[in-house]
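Peer 1: Pasting a structure below so you can have a look.
The values are calculated or read from the model by the stated rules, or taken from the named source; none is laboratory data. Keep in mind that what you see is a predicted model, and the values were worked out from it rather than measured. Quick reminder, even Gly has a Cβ in these numbers, built from the backbone with ideal geometry, and neighbours come from all protein chains shown. These accessible areas exclude ligands, DNA and RNA; they are computed on the full protein's heavy atoms, side chains included. Shrake-Rupley method; radii C 1.70, N 1.55, O 1.52, S 1.80 Å.
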Amino acid sequence: MGIALRALVGVCLGFTTVAFVGVFIPREFSRVENKAAPPSYSLLSSPVRDYIEQLTLGRTAAESREGCPFLAKTPADIGDGGSGIDALPGVQPPIDLKALDGFLSAINDDTDAGLLTNHCERYWDEILDENPTLIALEKHKPWTSEEVTLLANRGVRLKGAVRLPYHNRLPLRLSITNGALVCHSIKDCQPLETPPNGRFAVERINARRVARSLADAVDWAANNSVNLGDAAFSIPVEDCPNFWRSKVPVGGDYIGPGSQEPCERARPQYKRKGPPALVLSESSFTEYTWDIPGVWFHENDETMTREIVKDLYYTADDGDGHPRFSEALFAAEWAKKKNEAFFIGLNTDDSRVQLACELSMMDPELFQHVFIAGADVRMRQPVNCTDTARELERELGCSASHICRRNKTLAEEFVELMLSTKYHLDLPGYGPWSHRLRMLLLSGSVIFEPPRSFAATQFFDAPLKRRNLIVRFTDATDLYEKIQWFRRHDDVARRLAAAMHKIGWHCLTHESVRQSLVMLLKRLGALHEPTVGKARRPGKRLDDDIRCVIGEGTPLHAAMDGFGEAADECYLAAL
């Protein structure tokens, strides 16, 4: 029996397979020595639990195959060169192959109609065209200046805008006026919780980054005669979207690991036809929230990855200063990569440790680089994974020392492992944003996300999720099946990975991100016409109980001396 058969058996067992193939079954799972019902396996999917129960209650493997269709296949069916897995009931290609073909055609188009032309202009247009909040705003335009200002102020004044669940962060209130970015101070706010000591040092840095990136985009537009129009908006400098329009589903295919998405807890619901506030956030659940994902708070140092993949995938430029992507070089590097999965991250969500446990029991070789770093971490948040891993070891039989390791993975080692493997996991953490997704795109890999990560969008990933080119999986078994499909269709995996790389390479440069901001600000500026007659209030007045005073504002220019201090003075005025 080969690794492939052991792995498929592992899907049904939910733990390591028999000793004669080199893997050990714990005593409590032995059919001979334990006829009693097994302990609780509530963390495993139903087919896995059912098969464990059949073994522990004395049924033979042959009798149990009806409950596990994978075992109905012979080694010849599921060997490396066969096609048995494609014939398994319910197993379909993980992606729409026609959508992949169309997407590749669009990103390889060098004309003005191509998705990547002019710093991904058409790509950003698609994102803005499909955003439900912008659609709702544009449906009721033109708005008056007073109405737009009211929507922006509500991003500060409405319930939920100042009192935040994690760190009690304050929002930024910004506007575009006469071609300049203006920061409006927020005064006389009374946060309902006292922030932890030193917490605002982090938030001040995030606020500076957001303000500087926006100032850079606005200044570029002014210097290049791009009319943005006037606009006003708020930005919550925090991990979660603020304004929810419905609760997430509970049970079945829910987003979060609990009864509701963590970001939604204690958030007010604004059930209305249009957004209650005009807010730009780092991320948003477009089906459930009104926030527009349009800004990036956290800086990823992608320089090292870009330099490495430039040497691996690109040839010298043709005289225009830009290296040329080589399909031949990419294919050669792809052939060198291991047919393995990759994820290393902290214990910022218990689902990470659980998934690592289940996967390690399905196929230890395939998932040897899927683990949680942080066995020795002592931080404010409960990121140490040791206790959770030991509990899973007791309940399910996986190795705690394998799935929860000491935090020794340096940046260079992380990038090396990332670039040497084909299948990458992007798992949820504290919030619906993902730092690593930008790195995974650049690496050129097949990327998999569970429902909570897949349902969230950042400013750059919606078209990939809409086409399911970032591959959605529901649980460990589903992930395993989909990786196996790609392993058996390596040409499809390589083409998909090349498409992901091209999006990361072209659309996440400084110039392309600035282009996305310019196009978003133009959309916001086009919402209103100050000369239109009688003002319409956007729904019922919800801001009568105002806790904050919005200042007149200070212009911010990216090249000005003392930019950071000016941004701090505006942002921290409420303190």
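Peer 1: Quick one: residue 413 ticks every box in (1) free of Cβ contacts under 8 Å to residues at least 24 places away in the same chain; (2) surrounded by 19 or more Cβ atoms within 10 Å (Cβ to Cβ) except a single one, so which number is it?
Peer 2: (2)
Peer 1: Which ones in the range 473-490 are within 12 Å of residue 359 (Cβ to Cβ), open to solvent by less than 20 Å² (accessible area, probe 1.4 Å) and either among the aromatic types (Phe, Trp, Tyr) or without any contact (Cβ under 8 Å) to a residue 12 or more places away in the chain (or both)?
Peer 2: The answer is 473, 480.
Peer 1: Quick one: in the range 390-407, which of the residues that are assigned to a loop (DSSP other than H, G, I, E, B) and on the phi < 0 side of the Ramachandran plot is modelled with the lowest pLDDT?
Peer 2: Here the answer is 407.
Peer 1: Considering every residue within the range 216-225, establish whether at least one is outside the structural domain of residue 354 (by the TED database), part of a loop (DSSP other than H, G, I, E, B), of a type outside the set (Asp, Glu) and modelled with pLDDT of 90 or more.
Peer 2: Within the range 216-225, one or more residues are outside the structural domain of residue 354 (by the TED database), part of a loop (DSSP other than H, G, I, E, B), of a type outside the set (Asp, Glu) and modelled with pLDDT of 90 or more.
Peer 1: Quick one: residue 474 ticks every box in (1) within 22 Å of residue 360 (Cβ to Cβ); (2) in a helix (DSSP H, G or I) except a single one, so which number is it?
Peer 2: So the condition that residue 474 fails would be (2).
Peer 1: A further question on this structure: Which count do you get for residues in the range 185-201 that are modelled with pLDDT of 65 or more, out of contact with any Leu (no Cβ under 7 Å at 6 or more places or on another chain) and not polar (S, T, N, Q)?
Peer 2: 2
Peer 1: Another question, then. Which of (1) at pLDDT 80 or above; (2) open to solvent by less than 10 Å² (accessible area, probe 1.4 Å) is the odd one out, the single condition residue 261 does not satisfy?
Peer 2: Result: residue 261 fails condition (1) only.
Peer 1: Looking only at the range 309-366, which residues are more than 30 Å from residue 395 (Cα to Cα), among the hydrophobic types (A, V, I, L, M, F, W, C) and open to solvent by 20 Å² or more (accessible area, probe 1.4 Å)?
Peer 2: 312, 316, 325, 328, 329, 331, 332, 335
Peer 1: When you go through (1) of a type outside the set (S, T, N, Q); (2) open to solvent by less than 30 Å² (accessible area, probe 1.4 Å); (3) farther than 30 Å from residue 105 by Cβ one by one for residue 470, which number turns out not to apply?
Peer 2: (3)
Peer 1: In the range 544-575, which residues are surrounded by fewer than 17 Cβ atoms within 10 Å (Cβ to Cβ) and modelled with pLDDT under 85?
Peer 2: Matches in the range 544-575: 544, 545, 546, 549, 551, 552, 569, 572, 575.
Peer 1: Which is modelled with pLDDT under 95 and either among the polar types (S, T, N, Q) or out of contact with any Gly (no Cβ under 8 Å at 6 or more places or on another chain) (or both), of 75, 93?
Peer 2: 93 is the lone residue from the list that is modelled with pLDDT under 95 and either among the polar types (S, T, N, Q) or out of contact with any Gly (no Cβ under 8 Å at 6 or more places or on another chain) (or both).
Peer 1: Right, another one. List the number of the failed condition for residue 287; all other conditions in (1) buried (at least 23 other Cβ atoms within 10 Å of the Cβ); (2) assigned to a loop (DSSP other than H, G, I, E, B); (3) modelled with pLDDT of 75 or more hold.
Peer 2: Against the list (1) buried (at least 23 other Cβ atoms within 10 Å of the Cβ); (2) assigned to a loop (DSSP other than H, G, I, E, B); (3) modelled with pLDDT of 75 or more, residue 287 comes up short only on (1).
Peer 1: OK, next. Has the range 527-536 got at least one residue that is part of a loop (DSSP other than H, G, I, E, B), at pLDDT 80 or above and either surrounded by fewer than 18 Cβ atoms within 10 Å (Cβ to Cβ) or among the aliphatic types (A, V, I, L, M) (or both)?
Peer 2: Within the range 527-536, one or more residues are part of a loop (DSSP other than H, G, I, E, B), at pLDDT 80 or above and either surrounded by fewer than 18 Cβ atoms within 10 Å (Cβ to Cβ) or among the aliphatic types (A, V, I, L, M) (or both).
Peer 1: Just one of 118, 108 is on the phi > 0 side of the Ramachandran plot and either open to solvent by 30 Å² or more (accessible area, probe 1.4 Å) or of a type in the set (Gly, Ala, Ser) (or both); which is it?
Peer 2: Being on the phi > 0 side of the Ramachandran plot and either open to solvent by 30 Å² or more (accessible area, probe 1.4 Å) or of a type in the set (Gly, Ala, Ser) (or both) holds for just one of 118, 108, which is 118.
Peer 1: How many residues does the range 480-526 contain that are part of a loop (DSSP other than H, G, I, E, B) and under 22 Å from the mean Cα position of the chain (by Cα)?
Peer 2: The total comes to 2.
Peer 1: Surrounded by 22 or more Cβ atoms within 10 Å (Cβ to Cβ), free of Cβ contacts under 8 Å to residues at least 40 places away in the same chain, at negative phi and of a type in the set (A, V, I, L, M, F, W, C), is that true of residue 517?
Peer 2: Taking the combined requirement at face value, the residue does not satisfy it.
Peer 1: Pull up the range 127-160, narrow it to residues that are open to solvent by 40 Å² or more (accessible area, probe 1.4 Å) and among the acidic types (Asp, Glu), then point me to the one that is modelled with the lowest pLDDT.
Peer 2: Step by step, filter the range 127-160, then rank; the result is 146.
Peer 1: Ok, one more. Of everything in the range 301-350 that's assigned to a strand (DSSP E or B) and aliphatic (A, V, I, L, M), which residue is nearest to residue 367 (Cα to Cα)?
Peer 2: So the residue we want is 341.
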